[in-house]
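Undergrad: This structure is in structure tokens; I'll ask about it shortly.
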Amino acid sequence: MPDPDALLAALDPEQRAVATTFGVPVAVIAGAGTGKTRAITHRIAYGCATGAYDPQAVLAVTFTTRAAGELRGRLRTLGFPRVQARTFHSAALRQAQYFWPAAMGHELPRVSDHRAGIMAEAAGRQLGHRAESGTLRDLLTEISWAKVSNVPPADYAELAAAQGREVSAVDATAVGRIYARYEQLKSDRGVIDFDDVLLCTVALLSDHDDVRAQVRRTYRHLVVDEYQDVSPLQQKLLELWQTERPDLCVVGDAAQTIHSFAGARSSYLTRFAIHHPEAEIVRLVRDYRSTTQVVEVANRVLHAHGPGEGVRLVAQGGDGPQPQFTQAATEADEAAQVARWLAGLIADGVPPSELAVLYRIHAQSPAYEAALSGAGVPFSLRASEGFFQRPEVRNAIVALRGQLAAAVGDLVATVRGVLAGQGWTAEPPSGQGQARERWESLAALLALAEEFAAEHTGAGLAELLAEIDERARVEHAPAGAGVTLSTLHAAKGLEWEGVALVGVQEGTLPFALAQSPEQVAEERRLLYVGITRAKRHLWVSWAVSRNDGSMRRKPSRFLDGVRPATAPARPARGGGKQNRSKHSLTCRVCGGPLAAGAELKLGRHADCPSSYDDRTWELLREWRRQEAEEVGLPAFCVFTDATLMAIAEARPTDERGLLAIAGVGRSKADKYAEAVLEILRAGPAAG
């Protein structure tokens, strides 16, 4: 049994208060980087070590499998591997599967993994045509919101209108009908979906007193992480788990509420003391993650107009470089400047995996994919969730198991050899697409092996495979090997040595669709979350126009009073470390080396003749304009100029050829391939 005093030795006074306060409900207001995970895991460990907690009666819940895996890993290190740490859905599913047969007389319906197919059928019948993949995703997201907000299909249209909710190209009445049809199709097939897991568990515990009593006897100590993200349905489930005198600790930060669109309500956190008058409120304000300079920017953004939501952070990370605020002439220039900044940090010794580019929407990604590829900077696009289900990862693990009997000597060398047989190479493939994603997966496995070998001297392949099995069980994926490209929403809960926040201009951040004060406030919190992901290096940039020179744009209002006076925008120029990279590209027309900036984006020297025909180029541009107007987004969200130009020059004849072009990923191919290939077939061949 760990020594209780030793468990407290590494905690600051506020963290110690979290770890040692028992007998009353506790709410922890934990600012970014203040060690909330350390505080709650040490609370659980200290409670177990002193007898305040029974380890088998603790249930810690959070929102992502990654976060749950981190909780379990830390508790295991502290000496309490049997404590349950799960996501809300995982805990609910486990309870429903166990109690449902006895309570209901049959097994819990199977959780369908084909939600998109069912939604496509439901939407098709209502709309009279096949809905695009983007529309289907929006419908699934909206119906998920309705379920976690306890909104039935019959009430959807009225409540959605009252809250200003919209689904692109589908009116609220039609969404309600699609919602009802979707539920009917699931019922006909005897399946439930991800959100139904919570609904089923709430119904089970509400309607069966004996089941509810047994669950409450089993889990007497509750700890809830990221409490600001709780939805009404999750709050109802939490209340059903609690006894009349709950042993409850919740942890969250209202300043990091960025999922209101999905049903999150920070009011459960901010009003905790009202619902629990005897509660103890503890505030964690010491930011151990970031430098003084980064914390100052974060505080200014959040508290620009008086006391904002959450706490005012107090930096503990020491002194660091000044954050850079950069204005670019065009989006292409902005991407080129960011690529050079990242390349410079890497040259100075910062690992690529410790760097990130964060943007508001996925459509901003292609410009940075192209710029980083041109600069020879490795990057990773895919989210960690589902890592161990990827075919290349499963095949690589099978191949590693096949080497168990013969594995001797250097663990990392063995793994490197096996992965080389699966397609891993020392240098990443150029461009994007499936080959790049496959390489990233294998590189992440190798990085995991290197990290494991460094931390476990003398460990062999068997021990590594055991670690991989445990990580797969708890869905704790390894980090990518390159610079992370991510939306701001997906970056929550992560941190990097250096972070570039891009596209921080009006219309993008805050996003154009954010109109109400509440929506704009959430956009401000989103920027705050992005800033607080940075430990030491912070870059904030915006472009005053799009790549075609249209529409003069202003930097985000959130930077007012935060950024210094900005120099006039100027195009990015060549030179610097990027040009000296061994990965530098060549002009597709004359074969000479390319410089940074626009030439890398074009794939040719600015004064070399293009290799596409003007009519095809104009047809593609007009199609892109119409497509963008239809969905109400900027043209570059469909394809950037560089990608569109590459399509016009390469003239692919099938989807496979289209996917080989930088900036065309699977999702865009699914959405646009048919139209683009039809235009290319109609236009004259390039001479």
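Each reported figure results from applying straightforward, stated rules to the coordinates on display, with no laboratory input. Since the model is a prediction, treat every value here as computed from it, not as a measurement. No Cβ is skipped: glycine too gets one built from the backbone with ideal geometry, and neighbour counts run over all protein chains shown.
Undergrad: Measuring from a point 7 Å past the Cα of D155 along Cα-to-C-beta, which residues in the stretch 244-283 have an amide N at less than 16 Å?
TA: 263
Undergrad: In nm², what is the average projected area of the convex hull enclosing the Cα atoms of the stretch 149-275?
TA: Averaging across all directions leaves 9.7 nm² for the Cα convex hull.
Undergrad: Would you mind checking which residues have amide H under 5 Å from V540's amide H? H placed 1.01 Å from N; only 5 or more apart, or other chain.
TA: Q324, F325, T326, L501
Undergrad: Roughly how far apart, in whole Å, are the Cα centres of the stretch 485-525 and the stretch 1-16?
TA: Using only Cα atoms, the two centres lie 36 Å from each other.
Undergrad: Estimate the FRET efficiency between E244 and H114 by the formula 1/(1 + (r/R0)^6), using the beta-carbon distance for r and 41 Å for R0, to the nearest 0.05.
TA: 0.45
Undergrad: Then there is this: Suppose every K and R has +1 on its Cβ and every D and E has -1 on its Cβ; what is the size of the dipole of the stretch 142-192 about the Cα centre, in Debye to the nearest 20?
TA: The calculated dipole for the stretch 142-192 is roughly 200 debye.
Undergrad: Under 13 Å Cα to Cα from K36, which aspartates and glutamates show up? Leave out anything in the same chain fewer than 8 places away.
TA: Qualifying aspartates and glutamates at Cα under 13 Å: D12, E14, E70, D225, E226, D253, D287.
Undergrad: Still on this structure, please answer the following. Could you give P(r) for the stretch 149-199, binned at 10 Å from zero, as whole percent values over all Cα-Cα pairs?
TA: Answer for the stretch 149-199: a P(r) of 23, 49, 26, 1 percent.
Undergrad: Quick check on the stretch 203-345: what does the Kirkwood estimate of hydrodynamic radius come out to from the alpha carbon pairs, in Å? Display every interim value, and only then the final one.
TA: Values: mean 1/r = 0.0530 Å⁻¹.
Answer for the stretch 203-345: a Kirkwood hydrodynamic radius of 18.9 Å.
Undergrad: Next up: Which one, A52, L233, W539, projects farthest toward the positive side of the charge dipole computed for the chain from Cβ point charges (K/R +1, D/E -1)?
TA: W539
Undergrad: How many nm is it between the label spots at A420 and A213, if each spot is 7 Å from the Cα in line with the beta carbon?
TA: Distance between the two pseudo-spin positions: 6.6 nm.
Undergrad: Over the chain, calculate the relative contact order: mean separation of alpha carbon pairs under 8 Å at least 6 apart, over the residue count, as a percent.
TA: 15 percent
Undergrad: Mind putting together the pair-distance distribution for the stretch 335-429? All Cα pairs, 5 Å bins, whole percent per bin, short to long.
TA: 2, 11, 17, 16, 17, 15, 12, 7, 3, 1
Undergrad: Let me ask you something else. Can you flag which of K554/K668; K492/K668; K492/K535; K147/K186 are past 19 Å Cα-Cα?
TA: Pairs exceeding 19 Å: K554/K668; K492/K668.
Undergrad: Peptides 61-72, 665-676, 220-231: what's the order by average Cβ count within 10 Å, highest mean first?
TA: Descending mean neighbour count gives 220-231, 61-72, 665-676.
Undergrad: Taking the Cα centre of the chain as origin, sum charge times position over the Cβ atoms of Lys and Arg (+1) and Asp and Glu (-1), and report the length of that vector in debye to the nearest 20.
TA: 660 debye
Undergrad: Also, quick follow-up: So in the chain, what percent of DSSP beta bridges are antiparallel if you round to the nearest 5?
TA: DSSP beta bridges in the chain are roughly 10 percent antiparallel.
Undergrad: Let me ask another. What net charge do the residues around E132 carry, taking every other residue with its C-beta under 14 Å from that of E132, with Lys and Arg at +1 and Asp and Glu at -1?
TA: -1
Undergrad: Residue by residue, what Karplus-based ³J(HN,Hα) values in Hz, rounded to whole numbers, does the stretch 268-275 have, using 6.51, -1.76 and 1.60 with θ = phi - 60° and x for Gly and Pro?
TA: 5, 7, 5, 10, 4, 5, 6, 7
Undergrad: Hey, another quick one. Show that you can apply the helix-only estimate: for the chain, add -39,500 (n - 2.57) for every DSSP H stretch of four or more residues, divide by all residues, and state [θ] at 222 nm to the nearest 500.
TA: Details: 28 runs with 329 residues, N = 687.
For the chain, the value works out to -15000 deg cm²/dmol.
Undergrad: Another question, if that's okay. What nm value, rounded to one decimal, do you get for the distance between R130 and A162 when each label is placed 7 Å out toward the C-beta?
TA: 3.9 nm
Undergrad: Could you give the nm distance between label points at H362 and Q515, where each point is 7 Å from its Cα heading toward the beta carbon?
TA: 2.5 nm
Undergrad: Follow-up. Given that compact globular proteins tend to follow 2.2 N^0.38 Å, what is the ratio of the alpha-carbon Rg of the chain to that value?
TA: For the chain, the normalised Cα radius of gyration comes out at 1.00.
Undergrad: Determine the distance separating the Cα centre of the stretch 355-384 from the Cα centre of the stretch 637-661; give it in Å without decimals.
TA: 18 Å
Undergrad: Are there any GluC sites (Glu not before Pro) in the stretch 115-183 that are in a DSSP loop and have at most 15 other Cβ atoms within 10 Å? List them by number. Write down the numbers at each step before the final one.
TA: Values: sites: E121, E132, E142, E158, E166, E183; in loops: E132, E166.
Passing sites in the stretch 115-183 are E166.
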